[in-house]
Amino acid sequence: MNEISVDSELNELRSNWTASEIEGILSSPLIDLIYRAQTIHRKYHPGGKVQLSSLLSIKTGGCKEDCKYCSQSAFHAKKTGLKFEPLMDVDLVLEKAREAKDAGASRFCMGAAWREIKEGKDFDAVLDMIRGVKKLEMDACVTLGMVNSDQAARLADAGLDYYNHNLDTSPEFYSEVITTRSYEDRLDTLSEVREAGISVCSGGIVGMGESLHDRARMLQILANMSPHPQSVPINALVPIEGTPLGHLEPVDPMEIVRMIATARIVLPTSDVRLSAGRHNMSREVQMFCLMAGANSIFYGERLLTTGNTQTNADMQLITDAGLSVE
Ligand code: SAM
Ligand code: DTB
Ligand code: SF4
């Protein structure tokens, strides 16, 4: 344990982090790391609220990208055996959104396995889905791959609150995981979304074989954006059979705790979401993540193509931690 003072950083939102500073935080003694994260968390997110986002895969599989972790890439389809499903009907999606709202979620996130948005009836249908979710008085979030400025403007007009587009990892490790698009492509889409006035949701994955330095670099790039992304999902890799990363052991959950605490320190005002991989974590580890500064989770029994924790277990977790639902 070290003597630490968080006073100076409590009043400061920085966009000039170095990777080595962040790596230092990631690897600091756990007890100090948690203290620092918890202090910042309490200042910027008083009230102990946990935001609940529900996910729905509105178009599944057949994606033209080769992301090594993903069950939905057409490159791995033969081995994963995932069934391709075209875009769902708007009414059915809105029925699922209503169910999510009734179960307690405040945000509905719709994911499509597209490389990029293409103009046409499918995009028009997604715009209708966004309008429908807004009518239910929920936050609307979509993740649809790359977007250009016109498309971002149309999403904003439909009332979209958040666009999810993850950096996934560091620029240096990126080509080990994805070769069909560049890191720049990712950053460009995030700028288009930001310029259109939509809140940015961007984070990444821990447990793909990346180094501590790679994790620090990803957080550095997110934390040096101005403004900071409003929402930052931290996913633990879900190793999916048939994908090139399917053989990896689930990452040590304490690595996720460290990543969340560090994200909280460098991104004080952002929502930090404990995302995929929770069903491989004990209740105690998840509670540790909440203590380390996570203030959001994916809520509902499914993520996109894999399972998630049970909703009643999540409600119990939040209550037992002495927190409440936002
Ligand atoms: N195609 C869009 C895209 O890539 O932005 C949207 C859907 S994609 C499935 C959304 C994010 O889910 C990915 O960027 C990745 O961070 C996360 N993800 C996908 N498969 C995962 C897995 N097996 N384990 C953990 N996170 C995963
Ligand atoms: C994010 O960061 N995680 C979500 C969401 N954004 C779209 C997706 C997790 C997917 C986990 C694997 C699956 O269910 O296919
Ligand atoms: Fe496609 Fe997104 Fe999966 Fe990559 S992560 S293969 S872009 S659905």
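No value in this document is a laboratory result; all are computed from the given coordinates. Computed from a predicted model, the values in this text were never measured in an experiment. No Cβ is skipped: glycine too gets one built from the backbone with ideal geometry, and neighbour counts run over all protein chains shown.
Relative to the 2.2 N^0.38 Å rule of thumb, the chain has a C-alpha radius of gyration ratio of 0.94.
Projecting the Cα atoms of Ala313, Ser270, Gly300 onto the charge dipole of the stretch 257-326 (Cβ charges, centred on the Cα centre) puts Ser270 farthest toward the positive pole. Tilt of helix 311-320 relative to the longest C-alpha principal axis of the chain, in degrees (0 to 90, nearest 10)? Approximately 20 degrees, to the nearest 10. Taking the C-alpha atoms only, the angle from helix 30-44 to the longest principal axis of the chain is near 70 degrees.
For a straight C-alpha distance cut-off of 30 angstrom, the lysines reachable from Lys96 (same-chain residues fewer than eight places away being disregarded) are Lys49, Lys59, Lys64, Lys68, Lys78, Lys79, Lys83, Lys118, Lys121, Lys134, Lys135.
Calculate the FRET efficiency for Ser324 and Leu92 from the Cβ-Cβ distance with a Förster distance of 35 Å, rounded to the nearest 0.05. Step by step, r from the Cβ atoms, then E = 0.65.
Residues within the reach of a label modelled at Arg14 (point 7 angstrom out along Cα to beta-carbon, backbone nitrogen below 12 Å), restricted to the stretch 209-227, are 220, 223-224. Remark on the chain: Cys63, Cys201, Cys289 stand apart, with no other cysteine beta carbon under 4.7 Å.
Considering every Cα-Cα pair within the stretch 222-268, what fraction, in whole percent, is farther apart than 14 Å? Beyond 14 Å sits 59 percent of the P(r) for the stretch 222-268. Of the GluC sites (Glu not before Pro) found in the stretch 1-100, those that fall in a DSSP loop while having at most 15 other beta-carbon atoms within 10 Å are Glu3, Glu12. Restricting the calculation to Cα atoms, the stretch 1-142 yields a radius of gyration followed by a Dmax of 21.0, 59 Å.
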